[in-house]
Every structure is written in C-alpha cells, then in structure tokens.
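Structure record follows, encoded as structure tokens.
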Amino acid sequence: MAATFPSCKAYAPAFAGEMAVIVDHGMREILLEQKDVFYYVTPMNENYAQPNLPAGAEADVVNGCY
C-alpha cells in the first residue's frame, strides 16, 4: 500500500547487500539531488548467511529486481 503514494519508494530487501544499495541510493536522492521523496523499507530479520551482491547488480536492486 505504501507504493501507491507517488513520492514513496517502497522496498523489502532480503539481504544486507540489497539494504546497503537502497540506503546509499536513497541518501543520494534525498540529500544530494534534493528530490521530494521518502523511502519505506521493510527488511527481513532472519539469522542466516548473507550472500554477496553480484557485481553490477546495484541498478537492478534499485529498480526492484535482479
């Protein structure tokens, strides 16, 4: 439901690498580019080994799939 707001960017990352990319992109977009958006992030809370983010997957994470 959060994604129905035009200024909201909703994500549900499952891995730490995804979270790092989303937070980095969000901070750049909000602070450097001064865009009028907000992020709604619902991370997963499971205790298991986190795989590395594949090289070059940053743009796909921001777009919502990779």
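The values are calculated or read from the model by the stated rules, or taken from the named source; none is laboratory data. Here the structure is a predicted model, which means the values were calculated and not measured. Note: ideal-geometry Cβ built from the backbone for every residue, glycine included; neighbour counts use all protein chains shown.
Just a few scattered comments:
- Residues of the stretch 37-46 satisfying the condition of being of a type in the set (A, V, I, L, M) and at pLDDT 90 or above: 37, 41
- A count restricted to the stretch 23-46 and to residues that are charged (D, E, K, R) and assigned to a loop (DSSP other than H, G, I, E, B) stands at 4.
- Boolean, residue 2 is of a type in the set (A, V, I, L, M), touching a strand residue (DSSP E or B) at 6+ places or on another chain (Cβ under 7 Å), on the phi < 0 side of the Ramachandran plot and surrounded by 15 or more Cβ atoms within 10 Å (Cβ to Cβ): no
- All positions within the stretch 7-45 that are without any contact (Cβ under 8 Å) to a residue 24 or more places away in the chain, exposed (fewer than 14 other Cβ atoms within 10 Å of the Cβ) and not basic (Lys, Arg): 24, 27, 31, 32, 33, 34, 45
- Restricting 14, 20, 3, 49 to residues that are at pLDDT below 90 and not in a loop (DSSP other than H, G, I, E, B) narrows the list to 3.
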